[in-house]
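Asker: Have a look at this one.
The values are calculated or read from the model by the stated rules, or taken from the named source; none is laboratory data. Quick caveat: nothing in here was measured; it's all calculated off a predicted structure. Using ideal geometry, Cβ is built from the backbone for each residue, glycine included, and neighbour counts are taken over all protein chains shown.
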Amino acid sequence: MSTVFASVGTTLDGFMAGPNARPGNPLGDGGLTIHRWVFEIDAWRERQGLPGGSGEHNASAELVEENFARTGAYVMGRRMFAEGELGWPDPPPFRAPVFVLTHAPREPWVRQGGTTFHFVTDGPEAALAAAREAAGGKDVQISGGAETVRTCLNAGLVDELEIHLAPILLGSGTRLFDGVDPSVRLTPDRTVATPQVTHIRYRVG
Ligand SMILES: NC(=O)c1ccc[n+]([C@@H]2O[C@H](COP(=O)([O-])OP(=O)(O)OC[C@H]3O[C@@H](n4cnc5c(N)ncnc54)[C@H](OP(=O)(O)O)[C@@H]3O)[C@@H](O)[C@H]2O)c1
């Protein structure tokens, strides 16, 4: 059985995005700083079609490589998708099927490099079931945003949560854990720290 893992970046005060997030202002005001650690590493730059050779290869890069390698399909929320629809290159960085949770039906959107966005209107269980089927034995990654991760945590659908904790404060925006049932248990099983970010992986139960 493949593992369902959520992998998201947050600030020290718990935000996944700053205020005023919308297509054209991805991650909201100040929110791109949450991912600053990833922008200069080789594994991420290669997936974005940027010159990978100029990127840094460090402990974070190895985690990003591991993350891409283990993932056979992705699940994300429609608001995350709507921002990325404008900003992702073609081919997009996923190189695998992506299942977008939404209440608005839409035909699949086929991009280059193995990424097709499928729009799922019958809830997170259905999105994850379709992703598992498509993943061909690999793991399923929930990429965000906050509402999607929260919904899946509360429904007991997440096996693992990896937080990429940026050493910054935003003060306002969209928090990951607002509305998460406090009975959700998170047990740390790996921590990798660099000066730019601390990656903490939790088993969820
Ligand atoms: N820091 C990070 O690592 C990270 C990662 C990803 C995203 N983000 C940021 O997070 C923000 C988006 O997060 P968000 O919490 O606002 O939204 P989101 O989780 O990306 O998307 C929420 C949308 O998903 C759909 N949805 C959620 N639950 C559903 C259900 N049970 N059934 C059907 N559809 C469902 C709905 O779409 P409809 O409205 O279409 O019905 C809902 O409006 C963006 O600013 C993005 O940049 C940050």
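For every residue, the table says whether it meets (1) assigned to a loop (DSSP other than H, G, I, E, B); (2) more than 10 Å from the ligand (Cβ to nearest atom); (3) surrounded by fewer than 22 Cβ atoms within 10 Å (Cβ to Cβ).
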residue: GLU133; (1), (2), (3): no, yes, yes
residue: GLY137; (1), (2), (3): yes, yes, yes
residue: ILE142; (1), (2), (3): no, no, no
residue: THR148; (1), (2), (3): no, no, no
residue: THR151; (1), (2), (3): no, no, yes
residue: GLY171; (1), (2), (3): yes, yes, yes
residue: PHE177; (1), (2), (3): yes, yes, yes
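Asker: Return yes when PHE119 is away from the ligand (no atom under 11 Å from the Cβ) and surrounded by 15 or more Cβ atoms within 10 Å (Cβ to Cβ) and no when it is not.
Answerer: When the stated conditions are applied, PHE119 does not pass them.
Asker: Quick check, is THR11 within 15 Å of the ligand (Cβ to nearest atom), modelled with pLDDT of 95 or more and under 15 Å from the mean Cα position of the chain (by Cα)?
Answerer: yes
Asker: Additional query: Quick one: ALA43 ticks every box in (1) away from the ligand (no atom under 15 Å from the Cβ); (2) in contact with a strand residue (DSSP E or B) (Cβ under 7 Å, 6 or more places away or on another chain); (3) touching a residue at least 24 places away in the same chain (Cβ under 8 Å); (4) not in a loop (DSSP other than H, G, I, E, B) bar one, so which box is it?
Answerer: Against the list (1) away from the ligand (no atom under 15 Å from the Cβ); (2) in contact with a strand residue (DSSP E or B) (Cβ under 7 Å, 6 or more places away or on another chain); (3) touching a residue at least 24 places away in the same chain (Cβ under 8 Å); (4) not in a loop (DSSP other than H, G, I, E, B), ALA43 comes up short only on (2).
Here's the yes/no breakdown for (1) under 15 Å from the mean Cα position of the chain (by Cα); (2) touching a residue at least 24 places away in the same chain (Cβ under 8 Å); (3) more than 24 Å from ALA17 (Cβ to Cβ); (4) part of a helix (DSSP H, G or I):
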position	(1), (2), (3), (4)
MET80	yes, yes, no, yes
GLY84	yes, yes, no, yes
PRO105	no, no, yes, no
ALA126	no, no, yes, yes
ALA130	no, yes, yes, yes
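Asker: Still on this structure, please answer the following. From the list THR148, THR116, pick out the single residue that is of a type in the set (Val, Ile, Thr) and without any contact (Cβ under 8 Å) to a residue 60 or more places away in the chain.
Answerer: Only one candidate passes the filter, namely THR116.
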